[in-house]
Amino acid sequence: MLQEHIRNIAIIAHVDHGKTTLVDRLLQTAGVFRENQQVEERVLDSNDQERERGITILSKNVSIRYKDVKINVIDTPGHADFGGEVERVLKMADGVLLLVDAFEGPMPQTRFVLKHALSLNLVPIVVINKIDRPGARPDEVLDEVFELMLELGASDEQLDFTTVYASAMNGYARLDPDDGNMDMLPLLDTILEHIPAPDVDPDGPVAMQICTVDHSEYVGRIGTGRLFSGSIEAGQQVLVLKNNGNDRYETTIKHLYTFEALGREEAQDAVAGDIIAIVGVDDADVGDVVTDIENPVEMEPIEVEEPTLSVIFEASSSPLVGKEGDIVGGRQLKERLMREGEANISMRIEELEDKSGIEVAGRGILHLSVLMETMRREGFEFQVGRPRVVYKTAEDGTKLEPIEEATVDVPNEYAGKAIEVMGTAGGIMEHM
Ligand code: GDP
């Protein structure tokens, strides 16, 4: 049954192409101004626990209410180190908004997410933004987007995408770049018209699969995902089927949230098709299914990508210790990292047996360096070892090395250099 009052759309954009500005404008159009002050108040209004900062706006989901329809806009992480997360997040959507700068055109960094979105059969809408920019070339950019989608294996239906031209900065969207329209409504109408409403059974047994996990010191783990069937209430008894396929237990939904405007808002109930966040599933993991006790619904487990690279963090032993940060103690370092381990489920953080340091394993250089930089800004000073590949041992005892599939986009004149660099790193060229 179509839930006509809901649309779930993921947004894909290269950094700086105007995603924040566009979402702001859509929220404004829908009557909510994006102003942090106001948002905090909204969140504070809803729940005492939320006053404690941890739970506020960690999540990047927003929702826009337009013509009695709630449009959930789902942000997508752009980098391949967060690839697993991309796939999970896209599972919540029925459509995707590809935002492209009218001057720059589509950028290689968005290929990865777009390819996933297309392979999940999501319906695309292309927004060519910044058409006000001098040198904007919307027609050419449209051709480039078409070529890109063709190359990424889009279906005929997907290639028949609708295009909206916009100047988010000036607050207008148009079906034709020169039609003179001066508001954002054509984009909102296009979303309602072209993105399918969730096709779900609101009267079926409750079933929600956790796609992302946030952590708050005050309430613990918060699982977010799409309610695929049934309806759910705060206080309800549910069954949790763990992603590992073995464990299951009954629990109570302590708090239920939906996404309203810029943040999570506590809700009493929610209906299939909507995106919800729940507290109460204590050791919530990605892929866990929250379902009906009498009629449990099984769902395909989500494969969480395993760490491929690790580094050792140690307290600084430099004679100049203290020059770069205020927090230098080994104990503080350990506490900080253990906390990260709670919140950042895609990292594996363990103390070394000899207690000389903490091993942090993640998806790649970027994933690990984001953490290092965050801690550095928090005032930590520490030293890290060389990154090491995380090997696995197969059942027959062979040592397995993680392999990543990489796509390199470069202008022709740099192809030779790129092949050389990849070759040095042990790459095998599959095709060019
Ligand atoms: P994000 O990184 O994708 O979230 O991009 P932002 O929304 O932060 O925008 C990046 C820059 O592009 C900012 O300086 C915006 O003011 C500018 N920008 C956004 N939309 C437009 C537009 O429609 N036209 C022009 N000329 N600039 C824009």
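Sequentially through segment 233-249, phi angles give Karplus couplings (6.51, -1.76, 1.60; θ = phi - 60°) of 10, 4, x, 5, 7, 9, 10, 10, 9, 5, 4, 6, x, 9, 8, 8, 8 Hz, Gly and Pro residues having no value and appearing as x.
Converting phi to 3J(HN,Hα) with the Karplus coefficients 6.51, -1.76 and 1.60 and the offset θ = phi - 60°, segment 370-383 yields 4, 5, 4, 5, 4, 5, 4, 5, 7, x, 7, 10, 7, 10 Hz in sequence order, with x at every glycine or proline. Each of the peptides 236-245, 105-114 was scored by the mean count of other Cβ atoms within 10 Å over its residues; in descending order, highest first, they stand as 105-114, 236-245. Quick one: of Lys254/Lys334; Lys67/Lys115; Lys19/Lys254; Lys355/Lys392, which pairs are farther than 25 Å apart, Cα to Cα? Over 25 Å Cα-Cα: Lys254/Lys334; Lys67/Lys115; Lys19/Lys254.
Across segment 182-199, rounded Karplus estimates of 3J(HN,Hα) from the backbone phi angles (6.51 cos²θ - 1.76 cosθ + 1.60, θ = phi - 60°) give 10, 10, 8, 4, x, 5, 4, 5, 5, 4, 4, 6, 9, 7, x, 5, x, 9 Hz, Gly and Pro being marked x. What does the charge count near Lys323 come to, summing +1 for each Lys or Arg and -1 for each Asp or Glu among other residues with Cβ under 14 Å from its Cβ? With Lys, Arg at +1 and Asp, Glu at -1, the net is -2. Taking amide H as placed 1.01 Å from N in the peptide plane, Val123 has its amide H under 5 Å from the amide H of Gly95, Val96, each at least 5 places away in sequence or on another chain.
When each of the peptides 169-181, 215-227 is scored by the mean number of other C-beta atoms lying within 10 Å of its residues, the order from highest to lowest reads 215-227, 169-181.
Each value in this text was obtained by applying a stated rule to the coordinates, not by laboratory testing. Note that this is a predicted model, so its numbers are computed, not measured. Positions of Cβ are generated from backbone atoms using ideal geometry, with glycine treated the same way; all protein chains shown enter the neighbour counts.
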